[in-house]
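Below is one structure, written out as structure tokens; the observations come after it.
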Amino acid sequence: MSTIKFLGSVLLAVVVVSCSTTGDSQKDSSSIQSSPADEVRNEMIRSWEGYKEYAWSYDVLLPLSKKGFNWYDESLGISPYDAYSTLMVMGLEEEAKKIEEYALSMDWDKDVYVQVFEVNIRILGGLLAIYEYSRNPAILEKVRDFADRILPAFDSPTGIPYHSVNLRTGQTAGNKGDGKGNVVNVAQAATYLMEFGILSYYTEDPKYYQAAKRATKAVFDRKSEIGLPGENINVESGEWVGMRWHHLQAGVDAYYEYMYKSWMIFPDPEIKAIWDYSIEKINMYLTDDFEGRRYYTIVDMNTGEVLKRSVSLYDAFFPAIQAISGDLEAAELNQKSWDWLWDKYGLLPTRYHYGEDTVEYGNSELNPEIIESAYYLHQITGKEEYLDMIRKYWADINKCCKNEVAYNAVKDVRTMEDRDYLATYFYAETLKYFYIAFAGKEVFDFNEHVFNTEAHTFRRDSFDPALAKIRLGY
Ligand code: DMJ
């Protein structure tokens, strides 16, 4: 653990200073830490000040060395896109306005290859959230410009996007790093229905949603005889590559998440049919009740045989989707297992082999999924136990991972050794879910919103179902 851990007595003073530097005088009373929601909000202010002071214009904050880091040769300035909707939800409009101006000043004519999946959920999702809140037509033009620069990636024989695309030239590239050529995982192949649907709705141009839908169908249509997709697919041949296994983990997760969530705002019957079919297969083959706990496991896509009793912290998104799609019993059982694993280490390890009770990858980037699911369950069931879980997660994250500037990842949850990194989704998701869980319905009404997979927030009533049918072309 870092030697520069935050002392309780110092907290209030730092927060007061931070609040006064944001210019958001409208809610400065929060500098008096009267509630957990205020505490989270103050930590957002402090952590955002940390990014601005040490890493502004970089993609990511390195909070221990106090500098910035870029994903590529050129910065995309990702963190602000991820911070915007959280600042808005917290009522920090003046800070958010600065990000709107920053977004307007951004020139996307950059000679850089970007990962289509990652920039879609973070930058396109973030830009759409800026438009959702501001209704600034110039922002919509920025969104369209950015989307048109990544759209060439979908021009493949299967309709599944290439791994990366050059923002200036539209040239595409496969995932060369793994030596497999034009290969993407299922999440990279088909996590576009929400952002592209929202963009089609606002621009009244169906081409975005149609590209996203074609990609989702391309994956779904290649399911095995027992109805399961694989994990990695060649975008040109449509062949499954590597291990023929299936799971709900990173590499697949948001494929399922977007089927259900996009249908919530854009009731396309074809997508609903894909979801209905898929959830039945998940329940049939992936469900694994092991030593009294409910898991969703790794199986052979062709036979359904369990290949490895292992989970990753990303899979903790699933209780949220189970809960919102109506399977509360399974959602609660599943969340119990995640909470049990959290208690074992005081954070979730990236990968845990529950069959052997061993940690496979011990690192944590303070990922949001377990908090997200506890939040959904609290909202949907009203049970206090889920709020208690969230209180515990907040206390533990503050214990392990708070530093002088913001928060940091850990190299291993067994040692809590610090890692000098703060993922951009800590701003978009982790702090947002804590805040809205504590702040309650008056501040943020769960039933009125839908979240993209990076937790960018959209009002459900922004999208009229009859208009959606026309604008998205289904
Ligand atoms: C986020 O970037 C998104 O939620 C994505 O879908 C997978 N998980 C990370 C955070 O863990």
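Do we find a residue being open to solvent by 60 Å² or more (accessible area, probe 1.4 Å), touching a strand residue (DSSP E or B) at 6+ places or on another chain (Cβ under 7 Å) and over 29 Å from HIS456 (Cα atoms) anywhere in the stretch 335-345?
no
Among the residues of the stretch 183-223, write down those that are in a helix (DSSP H, G or I) and surrounded by fewer than 23 Cβ atoms within 10 Å (Cβ to Cβ). Lay out the reasoning, then the answer.
Filtering the stretch 183-223 for residues in a helix (DSSP H, G or I) gives 186-189, 193-203, 207-220.
Once the filter is applied, which keeps residues that are in a helix (DSSP H, G or I) and surrounded by fewer than 23 Cβ atoms within 10 Å (Cβ to Cβ), the stretch 183-223 yields TYR202, THR203, LYS207, GLN210, ALA211, ARG214, LYS217, ALA218, PHE220.
Yes or no: ASN166 more than 20 Å from the chain's Cα centre (by Cα) and modelled with pLDDT of 95 or more?
Details: more than 20 Å from the chain's Cα centre (by Cα): yes; modelled with pLDDT of 95 or more: yes.
For ASN166, the condition - more than 20 Å from the chain's Cα centre (by Cα) and modelled with pLDDT of 95 or more - is met.
Which of the helices (runs of 4 or more DSSP H) found entirely inside the stretch 351-444 contain at least 1 residues meeting this: over 25 Å from ALA55 (Cβ atoms) and touching a His at 6+ places or on another chain (Cβ under 7 Å)?
Values: elements: 369-381, 384-401, 431-439.
Those helices (runs of 4 or more DSSP H) span 384-401, 431-439.
Considering only the stretch 48-62, state which residues are farther than 9 Å from ALA406 by Cβ and in a strand (DSSP E or B).
If the condition is that a residue be farther than 9 Å from ALA406 by Cβ and in a strand (DSSP E or B), then VAL60, LEU62 are the ones that fit.
Of all residues in the stretch 289-329, which are among the hydroxyl-bearing types (Ser, Thr, Tyr) and either part of a helix (DSSP H, G or I) or over 18 Å from PRO368 (Cα atoms) (or both)?
From the stretch 289-329, those among the hydroxyl-bearing types (Ser, Thr, Tyr) are 295-297, 303, 310, 312, 314, 325; that's our starting set.
Within the stretch 289-329, TYR295, TYR296, THR297, THR303, SER310, TYR314, SER325 meet the criteria.
Answer with yes or no whether ALA316 is small (Gly, Ala, Ser), within 23 Å of the chain's Cα centre (by Cα), within 16 Å of the ligand (Cβ to nearest atom) and modelled with pLDDT of 95 or more. Show your work before the answer.
Numbers: small (Gly, Ala, Ser): yes; within 23 Å of the chain's Cα centre (by Cα): yes; within 16 Å of the ligand (Cβ to nearest atom): yes; modelled with pLDDT of 95 or more: yes.
So ALA316 passes the test.
Looking only at the stretch 249-274, count every residue that is aromatic (Phe, Trp, Tyr) and open to solvent by less than 10 Å² (accessible area, probe 1.4 Å) and tell me the total. It would help to see each step written out before you state the result.
Quick first cut of the stretch 249-274, residues aromatic (Phe, Trp, Tyr) only: 255-256, 258, 260, 263, 266.
Narrowing further to those that are open to solvent by less than 10 Å² (accessible area, probe 1.4 Å): 255-256, 258, 266.
Adding up the residues that qualify gives 4.
Restricting to the stretch 224-248, what's the tally of residues that are open to solvent by 30 Å² or more (accessible area, probe 1.4 Å), out of contact with any helix residue (DSSP H, G or I) (no Cβ under 8 Å at 6 or more places or on another chain) and part of a loop (DSSP other than H, G, I, E, B)?
Total meeting the criteria: 7.
Six or more apart or on different chains, Cβ under 7 Å: which pairs go from a residue in the stretch 460-474 that's assigned to a helix (DSSP H, G or I) to one that's open to solvent by less than 70 Å² (accessible area, probe 1.4 Å) and among the β-branched types (Val, Ile, Thr)? Could you list them?
Filtered contacts from the stretch 460-474: ARG460/ILE265; ARG460/VAL450.
In the stretch 244-268, what residues are away from the ligand (no atom under 16 Å from the Cβ) and touching a residue at least 60 places away in the same chain (Cβ under 8 Å)? Before you say what the answer is, go through the steps one by one.
Kept after step one, since they are away from the ligand (no atom under 16 Å from the Cβ), are these residues of the stretch 244-268: 244-246, 263-268.
Selection gives TRP245, MET264, ILE265, PHE266, PRO267, ASP268.
Of the conditions (1) farther than 22 Å from ILE397 by Cα; (2) surrounded by fewer than 18 Cβ atoms within 10 Å (Cβ to Cβ), TYR58 clears all except one; give me its number.
(2)
Yes or no, residue by residue, for (1) outside the structural domain of GLN335 (by TED's automatic domain parsing); (2) more than 15 Å from the ligand (Cβ to nearest atom); (3) touching a residue at least 60 places away in the same chain (Cβ under 8 Å); (4) not acidic (Asp, Glu):
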site	(1), (2), (3), (4)
ILE370	no, no, no, yes
LYS383	no, yes, no, yes
MET389	no, yes, no, yes
TRP394	no, yes, yes, yes
LYS402	no, yes, yes, yes
LYS411	no, yes, no, yes
ASP420	no, yes, yes, no
THR430	no, no, yes, yes
ASP445	no, yes, no, no
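Inspect all residues belonging to the stretch 321-330 and state whether any of them is open to solvent by 10 Å² or more (accessible area, probe 1.4 Å), polar (S, T, N, Q), more than 13 Å from the ligand (Cβ to nearest atom) and under 21 Å from the mean Cα position of the chain (by Cα).
yes
The values are calculated or read from the model by the stated rules, or taken from the named source; none is laboratory data. This is a predicted model, so every value here is computed, not measured. Neighbour counts run over all protein chains shown; Cβ positions are idealised from the backbone, glycine included. Please note that ligands, DNA and RNA were not included when accessible areas were found on the heavy atoms of the full protein model with its side chains. Shrake-Rupley method; radii C 1.70, N 1.55, O 1.52, S 1.80 Å.
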